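Have a look at the structure below before the remarks.
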Amino acid sequence: MPDPVLAQLSRACQQVGAAAPADAVAGVTPSYAASPASTKEAAALLRAAAEHGLAVLPRGRGTRIDWAVPPRRCDLVVRTDRLSQVLEHAAGDLTASAQAGVGLDQLADVLGTAGQRLAVDPPGGGQRGPGQGGSGTVGGLIATGVAGPLRFRYGGPRDLLIGLTVVRADGTIARAGGKVVKNVAGYDIGKLFAGSYGTLGLITEATFRLHPLPQATVHVTVRCANAEAAQAAVDATARSPVAPAAVELHWPSAGAPLAVSALLEGEEYAVAARAEVLRELLAAAGGGSAETSAHAPDWWGLSPAAADGTLLRIGFWPGRLAALLGAVRGAARPAGLDPVLAGSAAAGVLHAALPAAADPAAAVVFIEALRAALSEPAVTGAADRPRPPASASALVLHAPPAVRDAVDMWGPVPSLAIMRAVKDQFDPEHRMAPGRFAGGI
Amino acid sequence: MTTSSQPARAPASLAVLAERMVPICGAANVITDPVELRTYECDGLTAHRCSPGLVVLPASADQVAQIVRECAAARIPFVARGSGTGLSGGALPSADGVLIVLSKMRRIIDIDPVSRRATVEPGVTNLSVSKAAEPHGLFYAPDPSSQVICSVGGNVAENSGGAHCLKHGFTVHHVTGLEIVTPQGELTWLGDGTGCAPGYDLVGAFTGSEGTLGIVTKIVVKLTPIPEAVTTLLAAFATMGAGGAAVSAIIGGGILPGAIEMMDALAIEAAEAAVQCEYPAGAGAVLIVELDGPQVEVARETAAVRAICQAEGAYEIRAAADAAERAVIWAGRKSAFAAVGRISPAYIVQDGVVPRTALPRVLDRIGELSAQAGIRVANVFHAGDGNLHPLVLFDDAVPGQGEAAEVLSGQILDLCIEHGGSITGEHGVGVDKSRYMPKMFGADDLDTMQLLRCAFDADGLCNPGKVFPTPRLCGEVPGVRHGPHPLVASGAVDQF
């Protein structure tokens, strides 16, 4: 007997079928999978899904589909693989519009022909080799809000996004922003969708502000004996007039030295001159000799965690770097763990990574101890300076099932009540990626 | 010109509310005298006026929360106001409502140089943040031209830009945390100051919401290292077309200046009359290009910009050697809005955006529309990001000219929309442009935006009548509910 739901979904969207085992998300297997080829088709599909009360999960290439909490339920996976057109590259305006399923590698190829780029470099962003899960999509980039080292200079996806087209849970198509870089007409719905993990609607098209590709890049790296020296090196770089594009820290093990590396972008001759200034600054602040290289350190821009390991994103006030590093090591030691710490130290973002083989119970102890430490005035700086009530956070981006199921992946979130109200407005039936977000949203 | 004179909805309840405000912020900070109330009847856009029903001047976040709770309980609308320099009537009061003036809340609470953050109260002026950060080698990057007087709270409401936002971004790129009073009167934090707080980006969504989602009581902003070098070039061209070509060539050459500003002959004439800026004689267009960054990069880029301007036909190029000379070059540009008062009895400042590459076509068309209407338009604009500020000049003593100027001003916005642009780049929608919103956005787009409004302010009491031409009813969400039980959704109970 034909499935009436499938029949109706098929009338709305050309490519619909029973979901394949590969469509499962974190052990949750959907019934149907669909690949709309336009915003209009996606809208018809979501209207049909709404009529049957289906829980919907958007999916790009699946690069980060295992991030965040597994969905509470999932009936229909909406793949963006056929939303694969770069719609416009207005090189003279430094803007580009693309459908959600466009790969970041594909987009980079198009923009590169005009010497331009979307200035984001998430792990697996298409700029580095394999082993990092491949290049994600435009839609996935926005939905996860993921960013790499360049966030220091250019911000994250939310800062480069200037226009967005989404389909709401009920099938309503909505556009916000536009295709000009300067625009304050109406609410910035793009900000709301950036990092929303599919919980507010389906992203189908986006327009970004672009930047020129740099003519030359140089990395200046220093090894520091301890966290205090690393903080001094990060601070000296971030506040220096050499204007780095990124300042990253890498601390592979409690017993190892810390590396601080800065990326300079610009014209070849000028970059070399700036690198020389920075080399001296870093050496003086970091207490070691600093090296200049045309090549990035081998850890640069990569996720410190294997795809099946545990990865935490820690947000903090950059001035508290040394205290924070101490707090992370302090939380890991009693649990018998030695996480890799790496991230955009000058931008106040660090990652802590545990291998897949780490004892899940120990990982849970570590995460809980870390969160407790993050509210200590000695770590937040609230002992000396006024701070918001929460001024640091530890979010579990991905983890093996045994860890994932035992912790609150999102942790405490400020103004959760308002977030619930936002969710209730956009998706009153809670059918979009239910349960994936903070507080069970 | 519109003057709102609707009768107060419930004068008795406003009088009662005024009494209840006295213990909260003191009798001296509760204004009920009609003459005093009139001083708050408009913001920087004087075409819209309305005396508020009541004005209160709280001194703390806690007082703001108490005031809003009283308003919410009495279901009386309220509007927040900073320095009152807004240009879209965003702080226009309502006759039957309360105006909450935040100018007494002007403490710079903390400058944290190592975290590169400042924490300030909403009434703090934009420029004073940079002044407080300067000893640490830092500054607050967004620089609206009213930065001497405009407040950071107002900047957050409007997502203010400024001449240098081309490179350094808008207010939203620099705000990392907001303490707000919700429209229900609850004090809460959006974000945590880090810029990467978990959850929805409520800081981003709130910034630029024009005071309709709540009232800001503390703001955490990023501070930026003061650039090592700044050069300012002024290039004179015979025509706007030549100047525009230079702008395209600069951007196309991969150079991102701090600012690229352009003025046409009429704007130059006005500036000359006002501040004797002594721009090169006979210029059909002047371009001001400011480059900032590391010394070596700026030196190289300055040479490149010079070469481009010469290639595009600049007949005179001046470079400022120091801060004083830079100020001279900027004087003409910064005076432009006020300066047109010297050459015209009245004028409208418009604020539209087009893709940068559409600038030549749009400017030509503005010229045609201006000629057809017999109304002069002076063009001053942020050429780097396509943000036009046409100044529509008219004589309000001549019957019909005001209306004709309004029509022309509206046609310019239509032109911006036609070219894929925006009806406002930095002044906001406010009360002035809400009627243009349906031209730029469809009904579903506006409805979707208002979902956010409903999430924050279901009763529509917080700065009502702004941004959207028609409010959305937030009460019942259409459709059958088969979501989780409210208690499950609220986290009060778990269901397995």
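The values are calculated or read from the model by the stated rules, or taken from the named source; none is laboratory data. Everything numeric in this text was worked out from a predicted model, so none of it was measured. Note that we place each Cβ from the backbone using ideal geometry, even for glycine, and neighbour counts take in every protein chain shown. When the accessible area is computed, the model is the full protein with side chains, heavy atoms only, and any ligands, DNA or RNA have been set aside. Shrake-Rupley method; radii C 1.70, N 1.55, O 1.52, S 1.80 Å.
What to note about this one:
- Modelled FRET efficiency - R0 45 Å, B:Q276 with A:E268, Cβ distances, 0.05 increments: 0.55
- With θ taken as phi - 60° and the Karplus curve 6.51 cos²θ - 1.76 cosθ + 1.60 applied, the whole-hertz 3J(HN,Hα) list for segment A:15-27 is 10, 9, x, 5, 5, 8, x, 5, 7, 4, 10, 6, x Hz, x standing for glycine and proline.
- Note on A:190-201: average number of Cβ atoms from other chains within 10 Å of each residue's Cβ is 4.
- Sum of -39500 (n - 2.57) over DSSP H runs of 4+, divided by residues of the protein assembly as shown (222 nm, nearest 500): -9500 deg cm²/dmol
- The length gained by stretching the chain between B:A319 and B:A73 to full extension, at 0.36 nm per residue less their Cα-Cα distance, is 82.6 nm.
- Separation of alpha-carbon centers, segment A:288-362 and segment A:71-94, rounded to whole Å: 31
- Here the accessible area is traced with a 1.4 Å probe on the protein chains. For segment B:344-458, carbon and sulfur cover 51 percent of it.
- Based on protein heavy atoms only, the protein assembly as shown ends up with 35 Å² per residue of surface accessible to a 1.4 Å probe.
- Efficiency of FRET from Cβ geometry, A:D81 and A:A357, R₀ 41 Å, rounded to 0.05: 0.80
- Cross-link check: pairs A:K179/B:K439; A:K423/B:K466; B:K104/B:K466; A:K179/B:K433 evaluated at a Cα-Cα cut-off of 22 Å; pairs beyond the cut-off: A:K423/B:K466; B:K104/B:K466.
- Between A:H295 and A:D105, full extension at 0.36 nm per residue minus the direct alpha carbon distance yields a gain of 66.4 nm.
- Neighbourhood net charge (11 Å Cβ-Cβ; Lys/Arg +1, Asp/Glu -1) for A:F437: +3
- Given charges at beta-carbon only (K, R positive; D, E negative), |dipole| of segment B:2-101 in Debye: 180
- Put simply, the amide H of A:D408, placed in the peptide plane, has no neighbours under 5 Å, leaving out anything fewer than 5 places away on its chain.
- Taking 0.36 nm per residue of sequence separation and removing the Cα-Cα distance, the B:E403/B:R20 pair yields an extension gain of 133.5 nm.
- Label-zone membership for segment A:408-441, site A:S375, 7 angstrom Cα→C-beta point, backbone N under 11 Å: A:412-413
- Heavy-atom accessible surface of segment B:108-225: percent carbon and sulfur, 1.4 Å: 55
- Shown for chain B: cysteine residues without a partner Cβ closer than 4.7 Å, namely B:C25, B:C42, B:C50, B:C71, B:C150, B:C165, B:C196, B:C277, B:C309, B:C416, B:C462.
- Separation of alpha-carbon centers, segment B:58-98 and segment A:418-441, rounded to whole Å: 30
- Neighbourhood charge, 10 Å Cβ-Cβ cut-off, centred on A:T165 and excluding it, Lys, Arg +1 and Asp, Glu -1: -1
- For chain A, a Gaussian network of Cα nodes joined below 10 Å ranks A:A48, A:A206, A:A383 by mean-square fluctuation, and the top entry is A:A383.
- Label-point separation in nm, A:H52 to B:I226, each point 7 Å along Cα→Cβ: 6.5
- Ordering A:192-201, B:136-145, A:258-267 by mean Cβ neighbour count within 10 Å, with the highest value first, yields A:192-201, A:258-267, B:136-145.
- Segment B:344-458: relative contact order as a whole-number percent, Cα under 8 Å and 6+ apart: 30
- Average other protein chain Cβ within 10 Å of Cβ, residues B:186-192: 6
- Global geometry of the protein assembly as shown, whether rounded, prolate or oblate, following the gyration tensor of its Cα atoms and the 1.5 cut on a/c: rounded
- Charges were assigned to the Cβ only: +1 to each Lys and Arg, -1 to each Asp and Glu. The resulting dipole of chain A about its Cα centre is roughly 740 debye.
- Interface A-B: total buried accessible area of about 7300 Å², 1.4 Å probe, protein heavy atoms only.
- Pairwise centroid distance, computed over Cα atoms, of segment A:391-408 with segment B:177-236, Å: 28
- Shielding of peptide B:166-176 by partners, expressed as the average count of other chain Cβ atoms within 10 Å per residue Cβ, is 3.
- Long-range HN-HN contacts of A:A290 with modeled amide H, under 5 Å: A:A283
- Sulfur and carbon atoms: percent of accessible area, chain A [1.4 Å]: 54
- Taking chain A as a Gaussian network of alpha-carbon nodes connected by springs under 10 Å, the highest mean-square fluctuation of the residues A:G53, A:G140, A:G62 belongs to A:G53.
- For A:G195, residues with placed amide H under 5 Å, excluding near neighbours: A:A143, A:T144, A:G145
- Residues of segment A:51-71 with amide N under 12 Å of a point placed 7 Å along Cα→Cβ from A:T29: none
- The residues packed around A:T310, meaning those with a beta-carbon under 15 Å from its beta-carbon, carry a net charge of -3 if Lys and Arg are +1 and Asp and Glu are -1.
- A crude spin-label estimate for the pair B:D395 and A:D3, with each label 7 Å from Cα along the Cβ direction, gives 7.6 nm.
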